[in-house]
Every structure is written in structure tokens, then in C-alpha cells.
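This report concerns only the one structure given below.
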Amino acid sequence: MKKLLAALGAACAIAAAPAAAQQDFSKVEVKATKITNNIYMLTGAGGNIGLSVGEDAAFIVDDQFAPLTPKITAAIAQITPKPVKFVLNTHWHSDHAGGNENLGKAGALIVAHHNVRKRLNSDQVIDFFNLKSKPEPKDALPVITFSADMSFHMNGEEIRAIHMPNAHTDGDAVVHYMGSDVIHMGDIYFNGFYPFIDTGSGGSADGVVAACDRVLAVATDKTRIIPGHGPLSNPAEMKAYREMVAAISGRVKGLAAQGKTLDDIKAAKVTADFDEKWGKGFIKPERFVEMLAGPLLRK
Ligand SMILES: [Zn+2]
């Protein structure tokens, strides 16, 4: 566990409740990046937060780890005097939904896809990191859940949450700030490094590629994209990410279909031409191949 936490560092990425309890958040600074007059990206430790402000209320997408809630709310208070009225979880992982209980207790309404509530409300295991988590207390659970999509009409625009099936998990939501032309991708998009795809929670590389394609189809050249992890981005960068995931997962699938073993697939160095750009994050090339091959070889 210590090793994993060291690897994750301050910037990323997945950690379940026991990990969060051990991690030292005292040095973490929560910083706000202004994207438009209404929309900010907050970074600290864990997933990037989307913040909508304006005449109605503060609305955040994801809330990082529980110990960071005071720093997150202090950063929001620097931007708007309005309270946090809604929290939308892009998925259930605790580096994105760990602040739910604090914010729920403070009166925010938590919103997510149906499967996020189901997973937060039951025992979960992330085999890939050997992490386990227990059901969350009532205040941490989404009180409003949706299936395909839902819209918020506040702060002068429509903010649409859209479910992307079986992508990073089985409960992912992408959030489109429609008037502002900003899209929050959650962990469907890791900007700059190989992603974690939680196949044990219903995620799949095909779903990640399909979700990127759906978003790229509605994005314009000016669209700003908030990734789950990594710096603020744009459609051209996300397209390169989509091509990388599609290429590597396609190669792994091809080898698995030929009956190759995991060792054979790793030896084939299917990530080689992408490692320079994407292989220096918390998921190393070999682990990325294991992640993609695992579900195929278990079938
Ligand atoms: Zn995640």
C-alpha cells in the first residue's frame, strides 16, 4: 500500500478509503484555474474538480478526498459567497467522491448515475490495486440518481450530465457546461499518461474510446476539456489520447485472440511507440498491458 501511495504522489489517482486514511494531505494545496467567467477547475489531490459559479449557487463536479473538504470549500469561498448546492460524482472512486459525506452533511445534494450509488452503498474491491472499500454512510450517498442523462439549469446555462456506459467504470458521467463550452470527462480521460480503467467496476477500453468519440463529436475547436487527472485540455489532445487507447487495446485484443499468454503479450511491447508520451505516469506500460489483457484472458 505504501508503495502504491508513493507512486500516486500528490497529483493522482485512484485510492480507496483505507488509502485515503493513511495519506498525508496536510501539504496539499487546492488551486483554482479560471476557465470562463462561470467555470473553474480546482486541483489538489485526486480527481480534478469542475466548479460552476454564478447567480444561483456553487455546483461542483467531484470532491476529491474527505480530508481535503475544508481546503476545497475555502478555495470555493474565494470565488463565490454562494454555498455548494450540488455535488455531481463522475464515478464512485474515493479520489473523486471522498468528500461526499462532509458535503452531504453540510447540506449539498449529491447527484450521480444509478451505479455510483449502488457501488458507494456496498462492499467494493479494486483487484488491480488490491483495494477494498466498505459501504459509505448515508450522508455520502447520492440522493438523486439518473440513468441516461439529466440537466441542471443554473448559473445562466444548461449543465448536462451524460452517462457513458462501461468506460472507466459502469457509472461514469461526463458533464457538459453547454453555454460555457466546457466538458468535464471524469476518469474517462487521463491527460498525459496511461489511464486506469476499472474493469472490475464494469469499465472497458472500448467504452473509453466510445465515450471520447461521443464527446469529440459535439466538441468545437474552442471547447475546453477538464480531464479526470492531468492538466486542462482540449479536443485535439483528447483525440490523441483516444487514438492511443484504441491502438494499444486493439493490439492486445489481437494477440489475445491468437491465444497468446500474458507473458507473450507483454513481450510483444505493444505500447513501445506510445511510451515516450504516455508511459511516465502512475500506470507504467507493462501494467497498462496487464490491465487491458486481464479481462480478455480470463474469458
Ligand atoms: Zn477513477
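Across Val270, Val182, Val218, mean-square fluctuation computed from a Gaussian network of the chain (C-alpha pairs under 10 Å connected) peaks at Val218. Surface calculation, 1.4 Å probe, protein heavy atoms: Arg287 sits at approximately 80 Å² accessible. Counting every alpha-carbon pair across the stretch 215-266, the share separated by more than 13 Å comes to 65%. Select from Lys71, Lys222, Lys253 the residue whose mean-square fluctuation is largest in a Gaussian network model of the chain (Cα-Cα springs shorter than 10 Å). So, out of Lys71, Lys222, Lys253, the one fluctuating most is Lys222. For Leu88, the residues whose modelled amide H falls within less than 5 Å of its own, excluding neighbours fewer than 5 places apart on the same chain, are Ile60, Val61, Asp62, Val111. Computed over protein heavy atoms with a 1.4 Å probe, the accessible surface of the stretch 82-236 works out to 37 Å² per residue.
Taking θ as phi - 60° and the Karplus parameters 6.51, -1.76 and 1.60, the scalar couplings of the stretch 153-170 work out to 10, 7, 6, x, 7, 8, 10, 9, 9, 10, 6, 10, x, 6, 10, 6, 9, 9 Hz in sequence order, x denoting glycine and proline. Summarise the accessible area of the chain (1.4 Å probe, protein heavy atoms) by the percent that is carbon and sulfur. Roughly 53 percent of what the probe reaches on the chain is carbon or sulfur.
Projecting the Cα atoms of Ala32, Ala210, His168 onto the charge dipole of the chain (Cβ charges, centred on the Cα centre) puts His168 farthest toward the positive pole. Rounded, prolate or oblate for the stretch 257-299? Axes are the square roots of the Cα gyration tensor eigenvalues, ordered a ≥ b ≥ c, and the cut-off for rounded is a/c under 1.5. Prolate shape, in that a/c is at least 1.5 and a/b is the bigger ratio.
A cut-off of 5 Å between modelled amide H atoms, ignoring neighbours fewer than 5 places along the same chain, links Asp149 with His163.
The Cα atoms of the stretch 33-171 define a convex hull whose projected area, averaged across directions, is 8.0 nm². Which residue fluctuates the most in the chain, going by a Gaussian network model with Cα springs under 10 Å, if the choices are Pro137, Pro165, Pro83? Most flexible of the set in this elastic network: Pro137.
The convex hull around the C-alpha trace of the stretch 22-86, projected and averaged over every direction, spans 4.1 square nanometres.
Anisotropy class assigned to the chain is prolate, per the alpha carbon gyration tensor with a/c at or over the 1.5 cut-off and a/b larger than b/c.
Given in Å, the Rg to one decimal and the Dmax to the nearest whole number for the Cα atoms of the stretch 134-248 are 14.3, 42. Over the residues of the chain, the helix contribution to mean residue ellipticity at 222 nm works out to -9500 deg cm²/dmol, using -39500 (n - 2.57) for each DSSP H run of at least 4.
The values are calculated or read from the model by the stated rules, or taken from the named source; none is laboratory data. No experiment lies behind these values; they were computed from the predicted model shown. Quick reminder, even Gly has a Cβ in these numbers, built from the backbone with ideal geometry, and neighbours come from all protein chains shown. Note: areas computed on protein heavy atoms with side chains; ligands, DNA, RNA excluded. Shrake-Rupley method; radii C 1.70, N 1.55, O 1.52, S 1.80 Å.
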